[in-house]
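What follows draws every value from the coordinates through simple rules; no lab data is involved. Because the structure is predicted, anything quoted here is derived from the model rather than measured. Cβ coordinates were reconstructed from backbone atoms using ideal geometry, including for glycine residues, and neighbour counts include every protein chain displayed.
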């Protein structure tokens, strides 16, 4: 008894749909490899599942780019034309922006591009330059104030360190003076003690 035909329509059950995709994908990949080996065919196979997962096969003797280039030659279709036109359009916009910026720089420098400006454009340029000068000046004053505050803090720290070292030096000198004074008093007391307790022996010769 032969197998019944399967109706070709979307499988509603997501699990069954994924299982069927995995099985048939394996079979298609196998057939693509067989065609490459048996028939020396150049095969490029690209598949995306419903979950956007990519599966691909390309014959070892070629590349995806070569396949697309040959496809364009045979069919006459330009696969990259739309993409190329968008890139060209974007490039032209960037060129215009670059030219305008260069022109503005030359105008701010006072080059020959000023000759083409009318009175209103010259006024606008003057106002823009005044705003730029004000911004630079404000930034300069901010940097100066910041550096001044930092220098003041450094000077204050150095003064405090200097004051502390002077106090330390005074304490060291005071301690040395006290030690030397105590040593002198001790020597003087010992001499006086020795002088007071010397035995006073009578002069025997005077008694004779």
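Some observations on this one:
- Binned Cα-Cα distance frequencies in region 14-77 - 10 Å width, integer %: 19, 41, 30, 9, 0
- Protection-proxy order for peptides 54-61, 76-83, 34-41, each taking the mean of Cβ atoms within 10 Å per residue, highest first: 54-61, 34-41, 76-83
- Gain upon complete extension [residue 20, residue 79; 0.36 nm per residue less C-alpha separation]: 18.1 nm
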